[in-house]
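K.L.:
The structure's right below; bear with me while I get my questions together.
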Amino acid sequence: MGSIYRELLLPEDTASASVKEHEAEFLYGLVKEQGLRRSLETGFANGASAVHILSAQQGLKGARHIVIDPFQERYADVGLRNVRRLGLSRGMRFEPHYSHEVLPRLQREGERIDFAFIDGGHRFDEAFVDFYYIDLMLVHGGFVVIHDVKLRPVATLASWIRRDKSNYRRVGNVPRNMLMVQKTGPDTRPWWHYRSFGTMKGLLTHSLHVWRSRTRLSTTRRDNPEA
Ligand SMILES: C[S@@+](CC[C@H](N)C(=O)[O-])C[C@H]1O[C@@H](n2cnc3c(N)ncnc32)[C@H](O)[C@@H]1O
């Protein structure tokens, strides 16, 4: 592929919120190779991940990508502008609301998906709720990629999936800051099922992020309506 990444408008003050070029290209390759037609993502920002997913879906019959983010105005609509500039608007459905509002609605409406990319709210409860509803809509054989697994709350979600969700298998050979899993079948855990999922992963990286967030305006703060 030609590098779509370099064609993106990425303002200096918000560029760090975007997936990196090699991560964007990984998403492109995955969607293209697997022919993932029905997809969604939480966390739009400047649209770096979205344009790569949308672009990989070009030419796939019936393809559509649902994008969920309540804070596009904080990015001066750059995500929407990037999608428009690259001529990819047709395949996208934009939901400008919190994922905890949109995902249960989609699930109630009977939505089915082949692929989801989780990169919205990064607190444990936000990322967990994203995965919970995505799991209910994901077809058997479908994939989920979670971004920022170096961050402690997201590393904890990754650890829960790996230990507790026996109907998912980890897929290797992915960028270091991502976890990719594939749904292998129905959830057959008994009602009493529980496995501890605490992890030491991300301990250092997280402390670094907390320190950085406290010393300058970070995306964590920008994404927090209470800040
Ligand atoms: C790390 S950025 C996403 C980057 C994007 N995937 C990219 O590659 O350009 C996180 C995004 O999550 C959004 N966000 C924060 N809380 C959210 C929530 N509860 N539901 C959906 N999106 C949320 C923020 O507005 C922000 O745009």
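Each value in this text was obtained by applying a stated rule to the coordinates, not by laboratory testing. All values reported here derive from a predicted model rather than from experimental measurement. Cβ sites come from the backbone with ideal geometry, for glycine too, and all protein chains shown count toward neighbours.
K.L.:
Using the number of other C-beta atoms within 10 angstrom as an exposure proxy, rank THR184, THR156 with the fewest first.
P.N.:
Least to most surrounded, the residues fall as THR184, THR156.
K.L.:
Which of ALA45, MET178, ILE113 sits closest to the plus end of the dipole of segment 19-221, meaning its Cα is farthest towards the positive end, when Lys and Arg get +1 and Asp and Glu get -1 on the C-beta?
P.N.:
MET178
K.L.:
Quote to one decimal, in nm, the extra length available between MET200 and HIS97 on full extension: 0.36 nm per residue of separation minus the C-alpha distance between them.
P.N.:
Stretched fully, the MET200-HIS97 segment lengthens by 33.8 nm.
K.L.:
If you don't mind, there's one more thing I want to ask. Considering only DSSP beta bridges with both partners in segment 19-221, what is the antiparallel share in %, to the nearest 5?
P.N.:
If we restrict to bridges inside segment 19-221, about 35 percent are antiparallel.
K.L.:
Give the separation of the Cα centroids, segment 7-65 to segment 154-201, in Å.
P.N.:
First find each Cα centre; the distance between them is then 23 Å.
K.L.:
Return the subset of LYS20/LYS150; LYS20/LYS165; LYS20/LYS201; LYS32/LYS183 for which the Cα-Cα distance in this structure is over 24 Å, preserving the input order.
P.N.:
Those over the limit are LYS20/LYS165.
K.L.:
Per DSSP H run of n ≥ 4, the term is -39500 (n - 2.57); total these for the chain, divide by its residue number, and report the mean residue ellipticity at 222 nm rounded to 500 deg cm²/dmol.
P.N.:
Per the formula, -11000 deg cm²/dmol.
K.L.:
Please get the size of the charge dipole for segment 19-221, origin at its Cα centre, with Cβ charges of +1 on Lys and Arg and -1 on Asp and Glu, quoted in debye to the nearest 20.
P.N.:
So the dipole magnitude of segment 19-221 works out to roughly 360 debye.
K.L.:
Right, here's the next one. Note the full-extension length gain between ARG170 and PHE124 as 0.36 nm times their separation in residues minus their Cα-Cα distance, in nm to one decimal.
P.N.:
Extending this stretch completely gives an extra 14.6 nm.
K.L.:
Shifting gears a bit: Run through every distinct alpha carbon pair of segment 19-221 and return the Kirkwood hydrodynamic radius in angstroms, one decimal place.
P.N.:
17.4 Å
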